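> One structure coming up, written as structure tokens, with questions to follow.
All of the numbers you see were taken from the coordinates with simple rules; none came from a lab. What you see is a predicted model; the values in this text were computed from it and never measured. Every residue, glycine among them, receives a Cβ derived from its backbone with ideal geometry; neighbour counts consider all protein chains shown.
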Amino acid sequence: GQGDGQLFTDGASAVVIDVGVEDSSLVDYVRRRGLRVEALIITHLHDDHAGALEEFARVARVKRVYLPEGAELAADADALEQLEALTARGVELARLSAGDVLEPISGLELKVLHPTAGTAFDDPNDYSLVIRCEYAGRSVLIAGDLTAQGEDFTPAECDVLKVAHHGSAGSSTLEFLAAANPHLALISAS
């Protein structure tokens, strides 16, 4: 009953982080606006974040999908099938880990804070990418479905926090929230 996806756009180009569930309205929005997708990033391969992956990549003519290191270790079966279909069509899969930086749209900087390459997690949600997005002096922290056990880093302060794991009780410790110190917190829930 819930899905997750974020879109950053300058009006012509777009960066999409997660695509939500199958038949996501995000797919239609990008198609109707004619946006050129410069980067498609999937925080982790669970259906509520990647359920519309294949459809979105096809409609938006995506050539590369960014995933966290170890994404397949914690993937839903449907998401794995979608990855296979994408690679069969020639879509490149690029891996991200802590320390990586992308600048897909002029002025927008995406810094990967988590996971550290080569780290194994007990909870599949802890393979989620955590990304700090900065533009024009403002910042958004996107935490995927990270749990409290995966909070192995200290986030810098941010203006907006997209709260981890749909606001579930097992995510976002008080220490993490105090370090992030957002002005606004967004929770995607059914």
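> What is the distance in Å between the Cα centroid of region 126-158 and that of region 67-94?
With region 126-158 and region 67-94 each reduced to a Cα centre, they are spaced 22 Å.
> Something else: Determine the dipole magnitude for region 137-177: charges of +1 sit on the beta-carbon of Lys and Arg, -1 on that of Asp and Glu, nothing else is charged, the reference point is the Cα centre, and the result goes in debye to the nearest 20.
That gives a dipole near 160 debye.
> Also, I was wondering about something else. Considering only DSSP beta bridges where both residues belong to the chain, give the percentage that are antiparallel (nearest 5).
For the chain, the DSSP antiparallel bridge percentage is about 50.
> Related question: Counting Lys and Arg as +1 and Asp and Glu as -1, what is the net charge of the other residues whose Cβ lies under 11 Å from the Cβ of ALA164?
Net of charged neighbours comes to -3.
> Tally Lys/Arg at +1 and Asp/Glu at -1 over every other residue whose Cβ is under 13 Å from the Cβ of ALA180; what's the total?
Around ALA180, the surrounding residues sum to -2.
> Could you work out the helix-only [θ] at 222 nm for the chain, with each DSSP H run of four or more residues adding -39,500 (n - 2.57) and the total divided by the number of residues, to the nearest 500 deg cm²/dmol?
Value at 222 nm, helices only: -5500 deg cm²/dmol.
> A follow-up question, please. If packing is taken as the average count of other Cβ atoms within 10 Å, what order do 61-73, 176-188, 137-149 fall into, highest mean first?
With the highest mean Cβ count within 10 Å placed first, the list reads 137-149, 61-73, 176-188.
> Scan (1) 72; (2) 55; (3) 59 for the value of percent of Cα pairs over 19 Å apart calculated from this model and give just the label.
(2)
> Please state the charge dipole magnitude for the chain, taken about the Cα centre, from unit charges on C-beta atoms (+1 on K and R, -1 on D and E), reported in debye and rounded to the nearest 20.
900 debye
> Here's something else I'd like to know. When DSSP assigns beta bridges and you keep just the ones with both residues in region 12-121, what percent turn out antiparallel, to the nearest 5?
Among the beta bridges of region 12-121, antiparallel pairing accounts for roughly 20 percent.
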